[in-house]
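S.K.: First the structure, which I've put down as structure tokens, then a few questions once you've had a look.
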Amino acid sequence: MFGLIGHLTSLEHAQSVARELGYPEYADQDLDFWCSAPPLIVDNITVTSVTGQKIEGQYVESCFLPEMLATRRIKAATRKILNAMAHAQKHDIHITALGGFSSIIFENFNLEQFRQVRNTTLEFERFTTGNTHTAYIISKQVEEAAKQVGINLSEATVAVCGATGDIGSAVCRWLDAKTDVKELLLIARNQERLQDLQAELGRGKIMVLEQALPEADIIVWVASMPKGVEINPAILKKPCLIIDGGYPKNLATKVQHPDICVLNGGIVEHSLDIDWKIMQIVNMDVPARQLFACFAESMLLEFEKLRTNFSWGRNQITVEKMSYIGQISLKHGFRPLLV
Ligand code: NDP
């Protein structure tokens, strides 16, 4: 059995979904109510691989909302993640992906030290961040979608916003090792971590966002922002490929311009329909087939009976692990979402 721990993108989103899913007692409630709401299993899932293998899974809604971070309700946010993990373990789920902000909260607030959740001792090998698969899929989206929009990587400047993050740093490693990309622009707030990444890669220009955007042919957004930012399309190069891998999206509104292509980042398409409700709820374009790459990672680990925390800790994703998860992703019928 695999599991997915997820959350919704805002209080407004959560209220409308609660109504749709038949939880009217959650629908009209404010943020304080969501802060105290327990985790819920809201979907039972069957996935069939193109190899013919079938696996079963469950979606655990943690009831975390990004507003909890924005309003500094940190205790509530951390409790949501630990409770959702304990809930998954109590339901005997073998391998569960920590979707969206779940793994970010786990790392940023050192939740590894809080192993005991009431009468459950968390077994961390039952969880994976899913970030290796996400980083692999975003890297492939850069390679393949660039071709689709006529950008040659050997002449291209790629700006990675969130470059020092778990996913961002892995994407930088892949682009450096596996492609002939001309220039990497590294964007984040903490300068020390940027310098460490630059030293590790032996390349890359450290830049602030406003400086980097007009220079980039491709922009990869993988910053952990609880709310998206607005960008003015007039300042961007034409053509420009934007891969928005954030959840919630890093861009507040869709950039509308014929020469600017915005792609949903970190999303895979499965070759066969998946029987579930949850991707409809997060407004996926083709909900029966499209899903977050991190969720797909727990499915892949279950298909391969690799019941271990394949992606764990921060900034430890190697190009070799990305290649490996990429191979099993293809084997079971997943492919990156393209233009
Ligand atoms: P991390 O917390 O590891 O990294 C976040 C990065 O963003 C860091 O480099 C951080 O650096 C930077 N950052 C944060 N805020 C800002 C800001 N305001 N301006 C510039 N840089 C910023 O996160 P992950 O790598 O785990 O996740 C990144 C994103 O990907 C998240 O939105 C997450 O929800 C999403 N995600 C998508 C998945 C999918 O399946 N599609 C799966 C998992 C995650 P600094 O703090 O120094 O600024």
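S.K.: Name the single residue, out of those in region 227-238 being closer than 26 Å to residue 153 by Cβ and either small (Gly, Ala, Ser) or within 13 Å of the ligand (Cβ to nearest atom) (or both), that is farthest from the chain's Cα centre (by Cα). Give the derivation first.
M.R.: Going through region 227-238, the residues closer than 26 Å to residue 153 by Cβ turn out to be 229, 231-238.
Of the ones still in play, those that are also either small (Gly, Ala, Ser) or within 13 Å of the ligand (Cβ to nearest atom) (or both) are 229, 231, 234.
On the way: 229: 17, 231: 21, 234: 28 Å.
Checking each candidate, the answer is 234.
S.K.: Tell me, please, whether a residue that is more than 20 Å from the chain's Cα centre (by Cα), aromatic (Phe, Trp, Tyr) and farther than 28 Å from residue 305 by Cβ can be found in region 18-29.
M.R.: Keep residues of region 18-29 that are more than 20 Å from the chain's Cα centre (by Cα), which gives 18-29.
Imposing the further condition that a residue be aromatic (Phe, Trp, Tyr) reduces the set to 23, 26.
Next cut, farther than 28 Å from residue 305 by Cβ only: 23, 26.
Yes: region 18-29 contains one or more residues that are more than 20 Å from the chain's Cα centre (by Cα), aromatic (Phe, Trp, Tyr) and farther than 28 Å from residue 305 by Cβ.
S.K.: Does region 23-33 hold any residues that are open to solvent by less than 50 Å² (accessible area, probe 1.4 Å) and without any contact (Cβ under 8 Å) to a residue 40 or more places away in the chain, and which are they?
M.R.: Step one: filter region 23-33 for residues open to solvent by less than 50 Å² (accessible area, probe 1.4 Å), giving 26-27, 31.
The answer is 26, 27.
S.K.: Can you pull out the residues in region 244-275 that are assigned to a strand (DSSP E or B), within 12 Å of the ligand (Cβ to nearest atom) and either surrounded by fewer than 18 Cβ atoms within 10 Å (Cβ to Cβ) or not charged (D, E, K, R) (or both)?
M.R.: Going residue by residue through region 244-275, those that are assigned to a strand (DSSP E or B) are 244, 251, 260-264, 267-270, 275.
Imposing the further condition that a residue be within 12 Å of the ligand (Cβ to nearest atom) reduces the set to 244, 251, 263-264, 267-268.
Listed by number, the residues that qualify are 251, 263, 264, 267, 268.
S.K.: If you don't mind, there's one more thing I want to ask. Go through region 308-339 and report how many residues are among the hydrophobic types (A, V, I, L, M, F, W, C), within 16 Å of the chain's Cα centre (by Cα) and within 17 Å of residue 172 (Cβ to Cβ).
M.R.: 2
S.K.: Out of curiosity, is residue 228 open to solvent by less than 70 Å² (accessible area, probe 1.4 Å), in contact with an Asp or Glu (Cβ under 8 Å, 6 or more places away or on another chain) and within 24 Å of residue 65 (Cα to Cα)?
M.R.: no
S.K.: Taking only region 208-225 into account, find how many residues are among the β-branched types (Val, Ile, Thr), touching a Cys at 6+ places or on another chain (Cβ under 9 Å) and assigned to a loop (DSSP other than H, G, I, E, B).
M.R.: Taking region 208-225 as the starting set, the residues that turn out to be among the β-branched types (Val, Ile, Thr) are 208, 218-220, 222.
Narrowing further to those that are touching a Cys at 6+ places or on another chain (Cβ under 9 Å): 218-220, 222.
Imposing the further condition that a residue be assigned to a loop (DSSP other than H, G, I, E, B) reduces the set to 222.
Count: 1.
Conditions (1) farther than 19 Å from residue 266 by Cβ; (2) open to solvent by 10 Å² or more (accessible area, probe 1.4 Å), marked per residue:
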position: 65; (1), (2): yes, no
position: 82; (1), (2): yes, yes
position: 91; (1), (2): yes, yes
position: 99; (1), (2): no, no
position: 102; (1), (2): no, no
position: 105; (1), (2): no, no
position: 114; (1), (2): yes, yes
position: 123; (1), (2): yes, yes
position: 126; (1), (2): yes, yes
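S.K.: Specify which of the listed residues (194, 241) is of a type outside the set (Asp, Glu), more than 16 Å from the ligand (Cβ to nearest atom) and open to solvent by less than 10 Å² (accessible area, probe 1.4 Å). Can you show your working first?
M.R.: Values: 194 fails: more than 16 Å from the ligand (Cβ to nearest atom).
Selected residue: 241, the only one of 194, 241 that is of a type outside the set (Asp, Glu), more than 16 Å from the ligand (Cβ to nearest atom) and open to solvent by less than 10 Å² (accessible area, probe 1.4 Å).
S.K.: Related question: Kindly provide the set of residues from region 135-155 that are open to solvent by 10 Å² or more (accessible area, probe 1.4 Å) and either within 16 Å of the ligand (Cβ to nearest atom) or assigned to a helix (DSSP H, G or I) (or both), ordered by number. Lay out the reasoning, then the answer.
M.R.: As a first pass, look at region 135-155 and keep what is open to solvent by 10 Å² or more (accessible area, probe 1.4 Å): 136, 140, 143-144, 147-155.
Selection gives 136, 140, 143, 144, 147, 148, 153, 154, 155.
S.K.: Let me ask another. Check whether at least one residue in region 74-96 is within 15 Å of the ligand (Cβ to nearest atom), assigned to a strand (DSSP E or B) and not small (Gly, Ala, Ser), and report yes or no.
M.R.: yes
The values are calculated or read from the model by the stated rules, or taken from the named source; none is laboratory data. This structure is a prediction, so every number in the text was calculated from the model and none was measured. Using ideal geometry, Cβ is built from the backbone for each residue, glycine included, and neighbour counts are taken over all protein chains shown. For the accessible areas, the whole protein counts, side chains as well, though only heavy atoms, and no ligand, DNA or RNA atoms are used. Shrake-Rupley method; radii C 1.70, N 1.55, O 1.52, S 1.80 Å.
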